[in-house]
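All remarks here apply to the structure that follows.
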Amino acid sequence: WRRGIVVFMMIIILWLEPAGVHNTIINNTRLLLLVLFFVFIIYSLSRFIRRSKTVSIRVILVAINIYLLMGISFGNLALLLNWFYPAAYTFPPNIQEPAFVDFVYFSFVTMSTVGYGDFLPAIRQSQMLAYITAITGQLYVAIIMAIIVGKYLAHSEKKSPDEQF
(Lines give C-alpha, C1' and ligand atoms only; values in the text may rest on other atoms or scores of the structure.)
Protein backbone atom coordinates (compact mmCIF):
# COMPACT_ATOMS: atom_id res chain seq x y z
CA TRP A 1 0.00 0.00 0.00
CA ARG A 2 2.98 2.32 0.54
CA ARG A 3 3.98 1.95 -3.09
CA GLY A 4 0.43 2.76 -4.13
CA ILE A 5 0.42 5.97 -2.07
CA VAL A 6 3.78 7.06 -3.52
CA VAL A 7 2.61 6.33 -7.08
CA PHE A 8 -0.64 8.22 -6.46
CA MET A 9 1.28 11.23 -5.08
CA MET A 10 3.63 11.10 -8.08
CA ILE A 11 0.72 11.11 -10.51
CA ILE A 12 -0.92 14.08 -8.77
CA ILE A 13 2.30 16.08 -8.59
CA LEU A 14 3.28 15.28 -12.19
CA TRP A 15 -0.12 16.40 -13.47
CA LEU A 16 -0.12 19.68 -11.55
CA GLU A 17 2.47 21.35 -13.80
CA PRO A 18 0.67 20.66 -17.11
CA ALA A 19 -2.52 21.80 -15.39
CA GLY A 20 -0.96 25.23 -14.91
CA VAL A 21 0.10 25.00 -11.27
CA HIS A 22 3.68 26.31 -11.04
CA ASN A 23 5.14 26.23 -7.57
CA THR A 24 8.71 25.76 -6.37
CA ILE A 25 7.65 23.44 -3.56
CA ILE A 26 5.74 21.24 -6.00
CA ASN A 27 8.72 21.12 -8.37
CA ASN A 28 11.09 20.22 -5.53
CA THR A 29 8.70 17.56 -4.24
CA ARG A 30 8.35 16.15 -7.75
CA LEU A 31 12.13 15.88 -8.13
CA LEU A 32 12.49 14.29 -4.71
CA LEU A 33 9.73 11.77 -5.45
CA LEU A 34 11.34 10.95 -8.80
CA VAL A 35 14.64 10.27 -7.05
CA LEU A 36 12.87 8.05 -4.49
CA PHE A 37 11.05 6.25 -7.29
CA PHE A 38 14.31 5.64 -9.16
CA VAL A 39 15.99 4.43 -5.97
CA PHE A 40 13.15 1.95 -5.50
CA ILE A 41 13.51 0.75 -9.11
CA ILE A 42 17.30 0.47 -8.69
CA TYR A 43 16.78 -1.57 -5.53
CA SER A 44 14.29 -3.88 -7.28
CA LEU A 45 16.59 -4.36 -10.27
CA SER A 46 19.54 -5.03 -7.96
CA ARG A 47 17.55 -7.78 -6.29
CA PHE A 48 16.94 -9.30 -9.73
CA ILE A 49 20.69 -9.39 -10.42
CA ARG A 50 21.46 -10.76 -6.98
CA ARG A 51 18.87 -13.55 -7.31
CA SER A 52 19.81 -14.60 -10.84
CA LYS A 53 21.74 -17.85 -10.99
CA THR A 54 23.39 -17.33 -14.35
CA VAL A 55 24.54 -14.47 -16.53
CA SER A 56 22.11 -13.81 -19.35
CA ILE A 57 21.42 -10.89 -21.62
CA ARG A 58 18.67 -9.83 -19.20
CA VAL A 59 21.17 -9.59 -16.34
CA ILE A 60 23.51 -7.48 -18.45
CA LEU A 61 20.69 -5.19 -19.61
CA VAL A 62 19.45 -4.78 -16.03
CA ALA A 63 22.97 -3.85 -14.92
CA ILE A 64 23.15 -1.22 -17.66
CA ASN A 65 19.71 0.13 -16.72
CA ILE A 66 20.74 0.46 -13.09
CA TYR A 67 23.76 2.55 -14.10
CA LEU A 68 21.60 4.78 -16.30
CA LEU A 69 18.98 5.23 -13.57
CA MET A 70 21.73 6.12 -11.11
CA GLY A 71 22.94 8.84 -13.48
CA ILE A 72 19.44 10.24 -13.88
CA SER A 73 18.89 10.14 -10.10
CA PHE A 74 22.12 11.99 -9.38
CA GLY A 75 21.18 14.51 -12.08
CA ASN A 76 17.85 15.08 -10.33
CA LEU A 77 19.63 15.55 -7.01
CA ALA A 78 22.06 18.04 -8.55
CA LEU A 79 19.17 19.99 -10.08
CA LEU A 80 17.36 19.98 -6.74
CA LEU A 81 20.51 21.21 -5.00
CA ASN A 82 20.86 23.97 -7.59
CA TRP A 83 17.30 25.10 -6.87
CA PHE A 84 18.03 25.36 -3.15
CA TYR A 85 21.44 26.97 -3.67
CA PRO A 86 21.49 28.95 -6.94
CA ALA A 87 25.29 29.34 -6.72
CA ALA A 88 25.89 25.61 -6.18
CA TYR A 89 27.49 25.11 -9.60
CA THR A 90 29.51 27.17 -12.04
CA PHE A 91 28.45 26.63 -15.62
CA PRO A 92 30.30 27.04 -18.88
CA PRO A 93 29.65 30.32 -20.74
CA ASN A 94 27.33 28.68 -23.27
CA ILE A 95 24.81 27.70 -20.55
CA GLN A 96 22.76 30.71 -19.51
CA GLU A 97 19.85 28.89 -17.88
CA PRO A 98 20.81 25.34 -16.77
CA ALA A 99 18.31 22.59 -17.59
CA PHE A 100 17.80 19.04 -16.40
CA VAL A 101 19.86 17.72 -19.31
CA ASP A 102 22.87 19.73 -18.12
CA PHE A 103 22.69 18.15 -14.68
CA VAL A 104 22.35 14.65 -16.12
CA TYR A 105 25.43 15.38 -18.25
CA PHE A 106 27.26 16.48 -15.09
CA SER A 107 26.21 13.36 -13.18
CA PHE A 108 27.37 10.95 -15.91
CA VAL A 109 30.66 12.80 -16.37
CA THR A 110 31.15 12.63 -12.60
CA MET A 111 30.02 8.98 -12.26
CA SER A 112 32.47 7.91 -14.92
CA THR A 113 35.17 10.15 -13.34
CA VAL A 114 35.89 11.77 -16.70
CA GLY A 115 35.57 15.24 -15.20
CA TYR A 116 35.79 17.61 -18.15
CA GLY A 117 35.89 20.62 -15.85
CA ASP A 118 33.30 22.69 -17.71
CA PHE A 119 30.57 22.22 -15.08
CA LEU A 120 31.90 22.61 -11.54
CA PRO A 121 30.47 22.20 -8.05
CA ALA A 122 31.03 25.54 -6.34
CA ILE A 123 29.87 25.02 -2.74
CA ARG A 124 30.47 22.29 -0.17
CA GLN A 125 27.05 20.70 -0.62
CA SER A 126 27.46 20.31 -4.38
CA GLN A 127 31.04 19.11 -3.92
CA MET A 128 29.81 16.46 -1.49
CA LEU A 129 27.17 15.34 -3.98
CA ALA A 130 29.90 15.13 -6.65
CA TYR A 131 32.05 12.98 -4.32
CA ILE A 132 29.15 10.65 -3.63
CA THR A 133 28.29 10.48 -7.32
CA ALA A 134 31.86 9.65 -8.35
CA ILE A 135 32.39 7.05 -5.62
CA THR A 136 29.02 5.41 -6.28
CA GLY A 137 29.67 5.25 -10.02
CA GLN A 138 33.06 3.63 -9.61
CA LEU A 139 31.98 1.22 -6.88
CA TYR A 140 28.95 0.18 -8.90
CA VAL A 141 31.04 -0.67 -11.95
CA ALA A 142 33.58 -2.61 -9.87
CA ILE A 143 30.99 -4.49 -7.81
CA ILE A 144 28.63 -5.31 -10.68
CA MET A 145 31.53 -6.57 -12.80
CA ALA A 146 32.66 -8.79 -9.92
CA ILE A 147 29.14 -10.17 -9.47
CA ILE A 148 28.63 -10.83 -13.18
CA VAL A 149 32.05 -12.46 -13.62
CA GLY A 150 31.50 -14.53 -10.47
CA LYS A 151 28.11 -15.77 -11.69
CA TYR A 152 29.55 -16.52 -15.12
CA LEU A 153 32.48 -18.49 -13.68
CA ALA A 154 30.25 -20.35 -11.22
CA HIS A 155 27.91 -21.36 -14.04
CA SER A 156 30.72 -22.36 -16.42
CA GLU A 157 32.33 -24.57 -13.74
CA LYS A 158 29.08 -26.54 -13.43
CA LYS A 159 29.14 -27.48 -17.12
CA SER A 160 30.86 -30.61 -18.23
CA PRO A 161 34.13 -30.18 -20.17
CA ASP A 162 32.33 -31.17 -23.40
CA GLU A 163 29.73 -28.39 -23.01
CA GLN A 164 32.27 -25.60 -22.47
CA PHE A 165 33.35 -25.48 -26.11
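The values are calculated or read from the model by the stated rules, or taken from the named source; none is laboratory data. This structure is a prediction, so every number in the text was calculated from the model and none was measured. A quick note on method: Cβ atoms are made from the backbone with ideal geometry, for glycine too, and the neighbour counts reach across all protein chains shown. Just the protein is used for accessible areas: all its heavy atoms, side chains included, with ligands, DNA and RNA removed. Shrake-Rupley method; radii C 1.70, N 1.55, O 1.52, S 1.80 Å.
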(Q) Take the conditions among the aliphatic types (A, V, I, L, M), out of contact with any strand residue (DSSP E or B) (no Cβ under 9 Å at 6 or more places or on another chain) and open to solvent by 60 Å² or more (accessible area, probe 1.4 Å) and apply them to Leu120. Does it pass? (A) no
Q) Yes or no: Phe91 open to solvent by 40 Å² or more (accessible area, probe 1.4 Å), aromatic (Phe, Trp, Tyr) and farther than 15 Å from Ser126 by Cα? A) no
Q. What helices (runs of 4 or more DSSP H) lie completely within the range 1-86 and have 3 or more residues being open to solvent by 70 Å² or more (accessible area, probe 1.4 Å), touching a strand residue (DSSP E or B) at 6+ places or on another chain (Cβ under 7 Å) and on the phi > 0 side of the Ramachandran plot?
A. none
Q: Please state which one of Tyr140, Tyr131, Tyr105 is open to solvent by less than 60 Å² (accessible area, probe 1.4 Å) and part of a helix (DSSP H, G or I).
A: Tyr140
Q.
Conditions first: (1) in contact with a helix residue (DSSP H, G or I) (Cβ under 7 Å, 6 or more places away or on another chain); (2) under 25 Å from Trp83 (Cα atoms); (3) among the aromatic types (Phe, Trp, Tyr); (4) modelled with pLDDT of 90 or more. Tyr116 passes all but one, so which condition is the exception?
A. (4)
